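Remarks on the structure that follows.
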Amino acid sequence: MATGRSSSNSMALALLVLAASAASLLPAASLSVTSPYVRPAPRPDALSLLQDDDDDDDGQTPQQVHISVVGPDKMRVTWITDDDAPAIVEYGTTSGQYPLSATGNTTTYSYVLYKSGNIHDAVIGPLKPNTTYYYRCSSNPKREFSFRTPPATLPFKFVIVGDFGQTGWTESTLKHIAAADYDMLLLPGDLSYADFIQPRWDSYGRLVDPLASARPWMVTEGNHEIEKLPLVETEPFKAYNARWRMPYDAGASPSGDNLYYSFDVAGGAVHVIMLGSYTDYDTGSAQHSWLRRDLAAVDRGRTAFVVALVHAPWYNSNRAHQGEGDAMRDAMEALLYGVRVDAVFAGHVHAYERFARVYAGKEDPCGPVYVTIGDGGNREGLADKYIDPQPAISAFREASFGHGRLEVVNATHALWTWHRNDDDEAVVADQVWITSLAASPACHRSKSKM
Ligand SMILES: [Fe+2]
């Protein structure tokens, strides 16, 4: 299957693809595995994340910097200053030289007695692909940042992990991600676990800043982002929407809502759909109508892989959060199946689980591979109680912290690996080749039949 359109830049990858083609690409249901791995006792939580360690003695030093893609060649830079500062990003391709600049917007929010710092964002570009840019924020010379733009062609490397939090386990996960060579991080919800205590959003922003200022972090919301308080704070997602603005108003099918959106990478070879588990999703809702429009515009002759992210898993054999994704699955599963979405990644359950290709509860060669990757390291601990016996559609499950990597190698093959946080090592504990359903004659559908 990996002929014709395969990437020409790596003989090693080609050999791997050929090896994968020779083997079964997804394990048969009879190979369901519940990992026997016994997790070592947790280490003491050594982080003092609520300390104000931002070294912002002048109130103007940019902190909590993160970037996110906007369309094919632009980047949004988001940062916070304690005091007033200009919403300007200056940038260029040489360290210390910033010939280009863009000015954006500043916002703040209040939450009970908390008042946020100045939250700035500016969109820079057009940018060249696969290029390192150096930048500074608010014209402040104290911190220079740099990022690498994603490539405009395959291969393309994602890191995917949900339910991060800010514990010692999170720190371990971040360390392993930092050691990876990747182009973009996808986060299916539950970021800071601030849980109403707003300074935790700031400590989380500082914790992820070294990584999130260097690669685009694309996120969607989890239940821990809602933060409604009866009578006092009635607007959901107040902090999340103010701090983690995503490109919902950009691209081919803007959604108009920060809680769900989509974008393309690798020159349109991969379409990524970020769904919202905690806003309306039923038929007739704004999200459902947008998803129909978004999927109708996907041309599988051009788009090699389509992946979707959602917080509450649609398939789950862990006892935690059983059934919480069922209503959304009932509303949207057929839409994803119609366009032959290749994989769906979820969080919420604090463990790892990979399913076979599934549709309507049964193994289906034209359904998505479902993965639960809610194992970033949150403070609520692991979900280690599973339904027994393991359902036939569940291929591998393990209650450990870790992260996933999806390397879309070429137009037909993507390699999924799960990296367990085995204390100091990121151990590959599960991997599978995923073939594009667009390249599968048995699953091909003309647009008119969708
Ligand atoms: Fe959650």
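Just so it is clear, none of the values below were taken in a lab; they were calculated from the coordinates. The model shown is predicted, which means the values in this text are computed figures rather than measured ones. Virtual Cβ from ideal backbone geometry, glycine too; neighbours counted across all protein chains shown.
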Q) Measuring from a point 7 Å past the Cα of E144 along Cα-to-C-beta, which residues in the stretch 202-222 have an amide N at less than 16 Å? A) 214
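Could you tell me what % of all Cα pairs in the stretch 161-215 have separations over 12 Å?
Details: 990 of 1485 pairs.
The proportion of pairs with Cα distances above 12 Å equals 67 percent.
So, R0 is 25 Å and r is the distance between the beta-carbons of A178 and L100; what FRET efficiency does that work out to, to 0.05? List each step's numbers first, then the result.
Working: r = 27 Å, r/R0 = 1.09.
It comes out at approximately 0.40.
From the square roots a ≥ b ≥ c of the eigenvalues of the alpha-carbon gyration tensor of the stretch 63-148, which class results: rounded (a/c under 1.5), prolate (a/b over b/c), or oblate?
Details: a/c = 2.45, a/b = 1.72, b/c = 1.42.
Because a/c hits 1.5 or more and a/b exceeds b/c, the stretch 63-148 counts as prolate.
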Q: Using only Cα positions of the stretch 217-313, each an equal point scatterer, no hydration layer, compute I(q)/I(0) via Debye at q = 0.15, 0.21, 0.22 Å⁻¹ and quote the log10 values to two decimals.
A: -0.61, -1.09, -1.18
Q | Using alpha-carbon coordinates, inclination of helix 168-178 to the longest axis of the chain, degrees | A | 80
**Q.** Inter-site label distance for S285 and T93 at 7 Å from Cα along Cβ, in nm
**A.** 4.4
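Taking Rh as the Kirkwood radius, which is the inverse of the mean 1/r over Cα pairs, what is the Rg/Rh value for the stretch 247-299?
Numbers: Rg = 10.7 Å, Rh = 11.2 Å.
Checking Rg against Rh, the ratio lands at 0.95.
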Q. Can you list, bin by bin at 10 Å, the percent of alpha carbon pairs in the stretch 121-179, starting at 0?
A. 16, 33, 40, 11
Q: Mind listing the lone cysteines of the chain, meaning no other Cys beta-carbon sits under 4.7 Å from theirs?
A: C137
Q. Does the stretch 279-340 come out rounded, prolate or oblate by the C-alpha gyration tensor, with a ≥ b ≥ c the root eigenvalues, rounded set by a/c under 1.5 and, if not, prolate when a/b is larger than b/c and oblate if not?
A. oblate
Q. Where does the charge balance sit around N258 when Lys and Arg score +1, Asp and Glu -1, over other residues with C-beta under 10 Å from its C-beta?
A. -2
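Report the charge-dipole magnitude of the stretch 151-449 in Debye, nearest 20, computed about the Cα centre from +1 at each Lys and Arg Cβ and -1 at each Asp and Glu Cβ.
Here the stretch 151-449 has a charge dipole of around 940 debye.
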(Q) Bin width 10 Å, origin at 0, all Cα-Cα pairs of the chain: what percent of pairs per bin? (A) 4, 22, 33, 27, 12, 2, 0
Q: Would you please give the residues with an amide H less than 5 Å from that of A343, counting only those at least 5 places away or on a separate chain, with H modeled from the backbone geometry?
A: V306, A308, V369
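Quote the FRET efficiency, to the nearest 0.05, computed for T132 versus I197 with a Förster distance R0 of 30 Å and r equal to the Cβ-Cβ distance.
On the way: r = 36 Å, r/R0 = 1.21.
FRET efficiency, T132 to I197: 0.25.
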Q.
Cβ neighbours within 10 Å, averaged per peptide: list 115-122, 225-232, 128-135 in order, most packed at the top.
A. 115-122, 128-135, 225-232
Q. Expressed as an acute angle from 0 to 90° and rounded to the nearest 10, what is the orientation of the C-alpha long axis of helix 326-338 relative to the principal long axis of the chain?
A. 70
Q: Please list, or write none, the lysines whose alpha carbon is within less than 22 Å of the alpha carbon of K115, excluding same-chain residues fewer than 8 places away.
A: K228, K238
Q.
Apply the a/c threshold of 1.5 to the C-alpha gyration tensor of the stretch 364-437 and tell me whether it is rounded, prolate or oblate.
A. oblate
Q: Kindly provide the pair-distance distribution of the stretch 407-447 built from C-alpha pairs, with 5 Å bins from 0 and whole-percent values in order of increasing distance.
A: 6, 21, 18, 15, 14, 9, 8, 5, 3, 1
Q: May I ask for the angle, rounded to the nearest 10°, between helix 286-296 and the longest principal axis of the chain, with both axes built from Cα atoms and the value confined to 0 to 90°?
A: 60
Q. Which of V358, V307 comes first, and how do the rest follow, when ranked by fewest Cβ neighbours within 10 Å?
A. V358, V307
